[in-house]
Amino acid sequence: MEITQKIEKLKSFARENHIPIVRNQTIKKICEIIREEGYTNILEIGTAIGYSGIIMLNQNPLIKLTTIEKNEKCIIEAKNNFKDVGLSSRVRLIEGDAQEKLEKLKEENCKFDFIFLDGPKGQYYKYLPNLKCMLSEGGTIFTDNILLGGLLHSPEKVTHKNRAMYNNMNKFLSMLNSDSDFITEIYEIDDGFTISKLKKSAE
């Protein structure tokens with residue numbers, strides 16, 4: 001079975017098991033950026049079953065992926081899926097809490113040229129300082145699901161249960177937009193995403 005067929009099979013599995021995965025137009029944009037910029041060292045927050053990781057790795061045989069996931073069932077699925085498509089040797093799957101693991105990666109002086117942020121939405125603002133430290137000059141942070149299923153533009157629909165997530169997403173977007181080291185674009189495609197490119201020193 002070709003890798004494209006396996007990717008479609010993973011998409012069906014995710015849909016049948018109610019596992020959230022990156023949407024079609026969003027992953028298409030991610031792939032465009034990776035190919036156009038020639039990024040080869042990727043960090044992903046939120047592995048899920050490995051669907052987006054496999055697609056990103058498939059853009060270039062030189063790409064290496066570091067990906068963080070907390071859910072034990074997803075970790076098992078992702079490991080099996082990376083192995084099934086023959087990509088395990090190019091993947092470092094880190095198990096545990098993203099904030100804690102990002103601190104350790106920063107201590108290891110890890111650098112990435114592309115970061116795909118697709119973890120717990122209410123935690124994005126906490127991750128950002130570490131992500132910025134680990135991003136290479138000219139690198140990109142791609143943040144998914146910023147519209148929160150439409151809540152971002154419909155504050156009247158925000159309930160007590162999701163109030164913190166709503167406030168934290170606004171805080172994250174404010175941090176990005178006010179950081180002059182980044183050139184940030186917001187796209188209202190699928191559930192919304194931001195593309196934030198870290199300026200080079202000469203810019």
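Any read-out appearing in this document is the output of simple, stated calculations on the displayed coordinates, not a laboratory observation. Just so we're clear, the structure is a prediction, and the values are computed from it rather than from any experiment. Please note: Cβ atoms are built from the backbone with ideal geometry, for glycine as well, and neighbour counts cover all protein chains shown.
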Would you list which lysines come within 19 Å of residue 79, measuring only between C-alpha atoms, while excluding same-chain residues fewer than 8 positions from it? 6, 9, 11, 64, 70, 101
Cα centroid separation - the range 64-141 against the range 1-27, whole Å: 19
Any aspartates and glutamates with Cα under 14 Å of the residue 197 Cα? List them, leaving off those in the same chain fewer than 8 positions away. 36, 37, 113, 137, 179, 181, 185
MRE, 222 nm, helices only [DSSP H, n ≥ 4, -39500 (n - 2.57), over the chain, to nearest 500]: -13000 deg cm²/dmol
How about the range 148-190: which GluC sites (Glu not before Pro) there lie in a loop by DSSP and see at most 16 other Cβ atoms within 10 Å? 188
Name the residues whose placed amide hydrogens come within less than 5 Å of the amide hydrogen of residue 41, ignoring near sequence neighbours (fewer than 5 apart) on the same chain. 64, 113, 114
Report the residue, chosen from 100, 77, 137, that carries the largest GNM mean-square fluctuation when the chain is represented by alpha-carbon nodes joined by springs under 10 Å. 100
